[in-house]
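Notes to accompany the following structure.
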Amino acid sequence: MVTIVERYMQKFKKSAQLYRQGEDTIPGGGHQSRVVHPFPHYVNEARGALKWDVDGNELVDYNMGFGALLIGHAHPVMVEAVSKQLAKGSHMGTPSELELRWAELIKDAMPTAERVRFTSSGTESTYLAIKLARAYTGKKMLIKFHEHYHGWHDYVSKSSGLNTQIGIPDETLSTVIVAQPDVAEVEQILENRDDIAAVIFEATGAHWGQFPLPNPKFVHDIRALTAKHGVVMIMDEVICGFRISRGGAQSRFDVKPDLTTMAKIVAGGLPGGAVAGRGDILDSISSPDETTRIPHPGTFNGNPISAAAGIAVLELIATEPINERADTMADLLKQSLRDSLTKLEVTGHVYGISSIVNLALGAECSCSGEICTLPHPELAASMHGDKTTLIKLAMLNEGVDTMGGIGFMLSSAHTENEVGRTVEAFERSLTALRNDGIL
Ligand SMILES: Cc1ncc(COP(=O)(O)O)c(C=O)c1O
C-alpha cells in the first residue's frame with residue numbers, strides 16, 4: 001500500500017523540483033511555518049476558498065494567508081480597490097486621505113482605539129507597542145506568557161514557539177519575564193516588583209487559540225491587576241482582531257486594553273499593521289518634547305496600497321455579515337469533524353473560537369468546544385509528533401490545505417460545499433493515518 005509520504009511525493013512532483021531548485025538560493029526554502037517535510041507545496045493562484053498549486057492540484061484553503069484573509073482570496077471588492085489605487089500611485093511620500101479613512105474605520109470598530117499608528121506587520125506592531133509602554137512608564141521589564149507568539153523581534157522571542165534565542169543579546173532577554181497564563185503568578189510578580197512596564201498576551205491564547213487562556217475571566221483579571229499597578233496592558237489582536245468579532249477580542253470579551261496590536265485582516269490581507277489605544281500613551285510619538293518623543297518612521301507604514309485594501313475589507317466587515325458567515329461555516333466544520341472522529345472511532349477533540357477551528361488528535365475534553373479547558377501540556381502533547389506532520393500531508397493528498405495539519409482558518413468565502421469536501425478528505429486522511437500505523 002502507498003504511504004502518505006509516497007503519495008505526497010507523487011502528487012506534488014513539481015513542488016519537489018522547485019524546492020530542490022531553491023535550496024542554494026533561499027535558506028530553508030522560505031517562511032519556517034510554510035516549509036513542511038519532505039518539501040512544501042508551491043501555489044500560484046487562489047480565489048475564494050480555493051487555491052491551485054504548480055502541479056495543477058486544487059486545494060480547499062484553511063490557511064487563508066495565516067489568518068489574514070477573512071473574506072477569502074482575491075475578493076473582487078478588494079482587488080478593485082487595490083488595482084484602482086495602484087494605477088493612481090503606490091507611494092506619494094506624504095500622508096494620504098486613505099490613511100486617515102483607514103484609521104477612522106479602525107476607531108469605529110475597536111472600542112479602545114483613541115489613536116492609531118500604522119506599521120508594516122504584526123511583528124512591528126508588538127515592537128512599537130512595547131516601546132510605547134516602556135517610554136510611558138519609564139520602566140523596562142515586560143511580562144509575556146508561555147508560548148504566546150507576538151512575531152519574531154527580540155523582545156518577544158522567549159517561549160514563543162520559535163524555540164531559539166540565538167542572535168539575541170542576554171541583556172535584551174533579561175528584560176522579559178515569561179509567566180504562565182495564571183493570574184496568581186502575574187499578581188505575585190506585580191506585587192513584588194516595581195519595574196514592570198507592560199503585560200502582553202494573545203487575546204485568545206497562545207498560537208491563535210490552540211492553547212486558550214484559562215477562562216474568560218482571565219483577561220478581566222489581568223486588566224484589573226495591570227490597572228492597579230500602573231502597568232500597560234497590551235492585547236495582541238493580530239490574529240483575532242476583526243475576526244472573533246468586528247471589534248475583536250476587546251468587544252467580544254468587553255475588556256479595555258491600553259494598547260492593541262493588529263495586522264493581517266486590518267490591512268485587508270496585504271502587508272500592514274497597526275497599534276491603537278490610549279491617546280496619552282500613543283501621543284509620545286507626537287510629543288513636542290524631544291526627550292520623551294518616540295520616533296516612528298517606516299517607509300511603507302500607512303502606504304496607500306495597504307490602506308486601500310484595509311479600507312475595502314473593513315468597510316465590507318462593517319456592512320455585510322462577513323463574520324457571521326465565516327463563524328457559521330466554522331461551526332458546521334467543527335460539528336462535522338467531531339462526527340467523523342466518532343464515526344471512525346478515533347479519539348480527538350475539535351474546538352475553537354469564532355472562525356478558528358483547532359483539532360487535537362488523541363485528546364478528549366468535555367468543554368463546550370469553543371474555549372477548550374484542557375490544560376496546555378495535554379493539548380500540546382496531542383499535537384506533537386508524527387500525527388500532526390502526517391495529517392498535514394494526508395489532507396494535502398486529499399485536496400485540503402490546513403494550518404499545520406491541525407488548524408483551520410475560515411473565511412466568508414467558505415461554503416457548505418468546501419466544508420463537505422473537507423470532511424470527506426478528513427475521513428480519508430484518518431484512514432490513511434491508520435494504514436500508516438500512526439493512529
Ligand atoms: C498573535 C500574533 N502576533 C503577532 C504576529 C506577528 O505578525 P507578522 O507575522 O505580521 O509579523 C502574529 C503572526 O502570526 C500573531 O499571530
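The values are calculated or read from the model by the stated rules, or taken from the named source; none is laboratory data. Note that the coordinates shown come from a computational prediction; the quantities given were computed from them, not determined experimentally. Note that each Cβ is placed from the backbone with ideal geometry, even for glycine, and that neighbours are counted across all protein chains shown.
Candidates are the residues of segment 225-246 that are within 16 Å of the ligand (Cβ to nearest atom) and not in a loop (DSSP other than H, G, I, E, B); the one that is surrounded by the fewest Cβ atoms within 10 Å (Cβ to Cβ) is 233.
Do we have any residue at all in segment 138-148 that's closer than 19 Å to residue 284 by Cβ, in contact with a Phe, Trp or Tyr (Cβ under 7 Å, 6 or more places away or on another chain) and within 15 Å of the ligand (Cβ to nearest atom)? So far as segment 138-148 goes, yes, one or more of its residues are closer than 19 Å to residue 284 by Cβ, in contact with a Phe, Trp or Tyr (Cβ under 7 Å, 6 or more places away or on another chain) and within 15 Å of the ligand (Cβ to nearest atom).
Counting only residues that are more than 9 Å from the ligand (Cβ to nearest atom) and touching a strand residue (DSSP E or B) at 6+ places or on another chain (Cβ under 7 Å), segment 120-136 holds 7 of them. Taking helices (runs of 4 or more DSSP H) as the structural unit, those lying wholly within segment 333-439 and holding at least 2 residues that are modelled with pLDDT of 95 or more correspond to 386-397, 416-435. The condition (being closer than 17 Å to residue 390 by Cα and outside the structural domain of residue 240 (by TED's automatic domain parsing)) is satisfied by just one residue among 35, 43, 60, 54: 35. Filtered by the rule that a residue be within 13 Å of the ligand (Cβ to nearest atom) and buried (at least 24 other Cβ atoms within 10 Å of the Cβ), segment 260-271 gives 260, 261, 262, 263, 264, 265, 266, 267, 269. Is there a residue being part of a strand (DSSP E or B), hydroxyl-bearing (Ser, Thr, Tyr), farther than 21 Å from residue 410 by Cα and not assigned by TED's automatic domain parsing to the domain that holds residue 331 anywhere in segment 275-284? No, every residue in segment 275-284 fails to be part of a strand (DSSP E or B), hydroxyl-bearing (Ser, Thr, Tyr), farther than 21 Å from residue 410 by Cα and not assigned by TED's automatic domain parsing to the domain that holds residue 331.
Evaluating residue 222 against the criteria (1) part of a helix (DSSP H, G or I); (2) surrounded by fewer than 24 Cβ atoms within 10 Å (Cβ to Cβ); (3) not aromatic (Phe, Trp, Tyr) leaves one unmet condition, (2). Within segment 161-181, restricting attention to residues that are within 24 Å of residue 357 (Cα to Cα) and at pLDDT 95 or above, which residue is surrounded by the fewest Cβ atoms within 10 Å (Cβ to Cβ)? Looking at residues that are within 24 Å of residue 357 (Cα to Cα) and at pLDDT 95 or above, I get 180. Residues in segment 135-153 that are in a helix (DSSP H, G or I) and either more than 19 Å from residue 256 (Cα to Cα) or within 18 Å of the chain's Cα centre (by Cα) (or both): 135 only. Does residue 251 satisfy the criteria of being within 26 Å of residue 195 (Cα to Cα) and either away from the ligand (no atom under 16 Å from the Cβ) or part of a helix (DSSP H, G or I) (or both)? Judged against the criteria, residue 251 is not a match. Within segment 195-219, restricting attention to residues that are in contact (Cβ under 8 Å) with a residue 12 or more places away in the chain and of a type in the set (D, E, K, R), the residue that is surrounded by the fewest Cβ atoms within 10 Å (Cβ to Cβ) is 195.
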